[in-house]
Amino acid sequence: MSASSDSTILKIGIVGFGPFGQFLGKTMIKQGHILRATSRSDYSELCANLGISFFREVGAFLEAENDVILICTSILSLQEVLKSMPLHHLKRPTLFADVLSVKEHPRNVLLRVLPQESDVLCTHPMFGPESGKDGWKGLNFMYEKVRIRNEAICSNFLQIFESEGCRMLKMSCEEHDKLAARSQFLTHTIGRILSEMEIQSTSINTKRFETLVQLKEGTMNDSFDLFSGLFVHNRFAQQELQNLELALQKVKQKLIEKMNEEKDLNDSKNVEYSR
């Protein structure tokens, strides 16, 4: 799908051109947007193949007059990357958008570090290269307009995801993190636990066990940096971890109580038989 007119074509600069940045960039290029990228690793050859301008020098990247600067760094490196950027090279007010899996943290960092005239849009595409490989239709896209003065640029950027059929969810960063701690973080935690247990497919798999194996394998495809970022920079995650531990103890206690009931019942029967 191409951009419908010149007015909707955006110049988008991506900071952090790893797998997720590349994944988003390919669809943006397909839509007709003009892309630039900068990253700690050298992606110049890959970018050349995709039709994206790659900047080794961050100052030159910022001077390229992007409409949108899209932050695709890891959660843990966000603050370091932003603080190291020579933001005085920006030539005009620019929309900064992030796609991190936590939201209060990037919102706070962006508001603290960016120039006052910069617009801020916090987003979370709730999908990735695997789940979105066959298209984005019906997949969740969360966003909050934190500080928006140029509504046209912001709307055109959101249209990238809306036009692909995403389910657009307007939500506060706080509400996102509350929900994500109970969904995304909990999913990653259980997957990591299953990995520590070294569960493997067996010859007598049930469908539910196959789901657990798939959960473990899918979780381990993501880096530990992502998992730890979901914990360190989501203030609701620690409570969910405690809830998980407490729930496990409750389940264990119920099993022990049932085992003791059965033992008492068997002991009483054995006493009767011995009479």
Any idea which of 38, 158, 219 is furthest toward the positive side of the dipole for the chain, if Lys and Arg beta-carbons carry +1 and Asp and Glu beta-carbons -1? 158
Using a simple spin-label model with points 7 Å from Cα along the Cα→Cβ vector, what separation in nm is obtained for residue 260 and residue 64? 6.7
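For the range 67-221, what is one quarter of the convex hull surface built on the Cα atoms, given in nm²?
Values: hull surface 43.1 nm².
Hull-based average projected area comes out at 10.8 nm².
Send over the Kirkwood Rh of the chain, from the inverse of the averaged 1/r over different Cα pairs, rounded to one decimal Å. Please report the intermediate quantities before stating the final value.
On the way: mean 1/r = 0.0472 Å⁻¹.
Its Kirkwood hydrodynamic radius stands at 21.2 Å.
Estimate the FRET efficiency between residue 207 and residue 131 by the formula 1/(1 + (r/R0)^6), using the beta-carbon distance for r and 22 Å for R0, to the nearest 0.05.
Efficiency at R0 = 22 Å is approximately 0.65.
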Cross-link list 103/178; 216/254; 11/133; 145/170; 26/103; 178/216: which exceed 20 angstrom alpha carbon to alpha carbon? 216/254; 11/133; 26/103; 178/216
Calculate the FRET efficiency for residue 270 and residue 193 from the Cβ-Cβ distance with a Förster distance of 45 Å, rounded to the nearest 0.05. 0.70
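Could you tell me what percent of the accessible area of the chain is made up of carbon and sulfur, with a 1.4 Å probe and every protein chain present?
Values: 7920 of 15390 Å².
The value for the chain is 51 percent carbon and sulfur by accessible area.
In whole Å, what three semi-axes, largest first, describe the equivalent ellipsoid of the range 132-275 built from its Cα gyration tensor (square root of 5 times each eigenvalue)?
On the way: eigenvalues 432, 74, 39 Å².
So the three semi-axes of the range 132-275 are 46, 19, 14 Å.
Would you mind putting 60-71, 99-110 in packing order, based on average other-beta-carbon counts within 10 Å, highest first? Mind showing how you got there, number by number?
Working: 60-71: 20.0, 99-110: 22.8.
Answer by packing, highest mean first, reads 99-110, 60-71.
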Rounded to the nearest angstrom and ordered from largest down, what semi-axes does the equivalent ellipsoid of the range 116-157 get from its C-alpha gyration tensor (root of 5λ)? 26, 10, 8
Would you mind getting the accessible area per residue of the chain, heavy atoms of the protein chains only, 1.4 Å probe, in Å²? 56
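So for the chain, averaging the separation of alpha carbon pairs under 8 Å that are six or more residues apart and normalising by length, what relative contact order in percent results? Display every interim value, and only then the final one.
Values: 384 pairs, mean separation 38.3, N = 275.
Reported relative contact order: 14 percent.
Please give the FRET efficiency for residue 40 paired with residue 235, using the beta carbon to beta carbon distance and R0 = 30 Å, rounded to the nearest 0.05. Each step should come with its number before you reach the end.
On the way: r = 28 Å, r/R0 = 0.92.
Efficiency computed from Cβ-Cβ geometry: 0.60.
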With a sphere of radius 15 Å drawn around the Cβ of residue 264, what net charge do the other residues whose Cβ falls strictly inside it have (Lys, Arg +1; Asp, Glu -1)? -2
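How much of the DSSP beta bridge set in the chain is antiparallel, as a percent to the nearest 5?
Working: 6 of 29 bridges.
If I count the DSSP bridges inside the chain, around 20 percent turn out antiparallel.
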With charges set only on the Cβ (+1 for Lys and Arg, -1 for Asp and Glu), what does the dipole of the chain come to about its Cα centre, in debye to the nearest 20? 300
Other-chain or far-sequence residues with amide H under 5 Å of residue 14's (modelled H): 36, 37, 38, 70
What are the ³J(HN,Hα) couplings of the range 188-198, residue after residue, when phi is run through the Karplus curve with 6.51, -1.76, 1.60 and θ = phi - 60°? Round to Hz, x for glycine and proline. 4, 5, 5, x, 5, 4, 4, 5, 4, 7, 6
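Starting from the Cα gyration tensor of the range 1-114, take the square roots of the eigenvalues, sort them a ≥ b ≥ c, and report rounded, prolate or oblate (rounded when a/c is under 1.5, otherwise prolate if a/b is larger than b/c, else oblate).
Details: a/c = 1.44, a/b = 1.37, b/c = 1.05.
It comes out rounded by the Cα gyration axes.
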Work through the residues other than residue 121 whose Cβ is under 15 Å from its Cβ and net out their charges, Lys, Arg +1 and Asp, Glu -1. -2
List the residues, sorted by chain then number, that are 5 or more residues from residue 167 or on another chain and whose placed amide H is less than 5 Å from its amide H. 138, 139, 140, 141
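The values are calculated or read from the model by the stated rules, or taken from the named source; none is laboratory data. Everything quoted here is computed from the prediction, not taken from an experiment. Cβ atoms come from the backbone with ideal geometry, glycine included; neighbour counts cover every protein chain shown. Surface accessibility is based on the protein's heavy atoms, side chains included, excluding ligands, DNA and RNA. Shrake-Rupley method; radii C 1.70, N 1.55, O 1.52, S 1.80 Å.
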